[in-house]
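Right, one structure below, let's go through it.
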Amino acid sequence: MISVNNGYFHLIKPLMHKLKLTLACLFVYSIALGQQDDFISFGKRDRTLRTYFKGMPIAFIHRNGDFINGTIQKIQRDSIFIKQYDIRMMPTPWGTASKDTISYYDLRFHYKEIAAFPRPPRSFEFVRNGTFFMITGGGYTFLHTFNGLIQKHPLDGATLAISGGVAALGFTMKKLRKYYYPIGKKYTIKYIKMTAPEP
């Protein structure tokens, strides 16, 4: 009878260790979850485009028009705490220049002060924003005019009109290109609260 009980105990003992370990992990996870900072969710209508957590870089346009960027230190009480670094090119003893952090600033903004987020760069951006057409049209106009003056040939009005039109198209594309996601009806920002309410 004793041997049977001892065998039963040896079977139960590993299960008890696993149960204790599982309970300990759940306890630690609950503590970590309770200490988690809030976060910001940026989306287009019902689709989330990006989520901002503590430790992530962030860049946005303030309501006063300033461009703000830095690293998120924490997100609490409807506010984003950001550390912004002042990085400049500084001369070295060898006559070159390298980036160096001059100072940093601790900033705090209410999440509703964010007016817009910058659009991430896309492939062939120099074509999409009209830069390619401006350079091509303007360059061809310059070369045609320069060659005509040097070789004393009359300038072709049709050629100048076409190249000028290409440059004007690029200029229009650059003006119409949207570089930011404005917060409003189409793009929204939500504050997701994870921390316990303060007493």
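The values are calculated or read from the model by the stated rules, or taken from the named source; none is laboratory data. Because the structure is a prediction, the values reported are computed rather than measured. Quick reminder, even Gly has a Cβ in these numbers, built from the backbone with ideal geometry, and neighbours come from all protein chains shown.
Can you tell me which residue among 170, 138 is in contact with a helix residue (DSSP H, G or I) (Cβ under 6 Å, 6 or more places away or on another chain) and in contact (Cβ under 8 Å) with a residue 40 or more places away in the chain?
None of the other options fit; the residue is 170.
Anything in region 177-194 that is within 21 Å of residue 53 (Cα to Cα) and either part of a loop (DSSP other than H, G, I, E, B) or touching a His at 6+ places or on another chain (Cβ under 8 Å) (or both)? List them, or say none.
Within region 177-194, 193, 194 meet the criteria.
May I ask you to list the residues in region 67-103 that are under 14 Å from residue 53 (Cα atoms) and of a type in the set (A, V, I, L, M, F, W, C)?
Passing the criteria: 72, 75, 80, 81, 82.
Within region 38-49, is there a residue that is under 16 Å from residue 115 (Cβ atoms) and without any contact (Cβ under 8 Å) to a residue 60 or more places away in the chain?
Scanning region 38-49 turns up no residue that is under 16 Å from residue 115 (Cβ atoms) and without any contact (Cβ under 8 Å) to a residue 60 or more places away in the chain.
Which condition number does residue 110 fail, the rest of (1) exposed (fewer than 12 other Cβ atoms within 10 Å of the Cβ); (2) within 39 Å of the chain's Cα centre (by Cα) being met?
Result: residue 110 fails condition (1) only.
State whether the residues of region 27-41 include one that is among the hydrophobic types (A, V, I, L, M, F, W, C), touching a strand residue (DSSP E or B) at 6+ places or on another chain (Cβ under 9 Å) and either closer than 27 Å to residue 193 by Cβ or at pLDDT 70 or above (or both).
Yes, the conditions are met somewhere in region 27-41.
Which of the residues belonging to region 121-165 are at pLDDT below 75, surrounded by 11 or more Cβ atoms within 10 Å (Cβ to Cβ) and of a type in the set (S, T, N, Q)?
129
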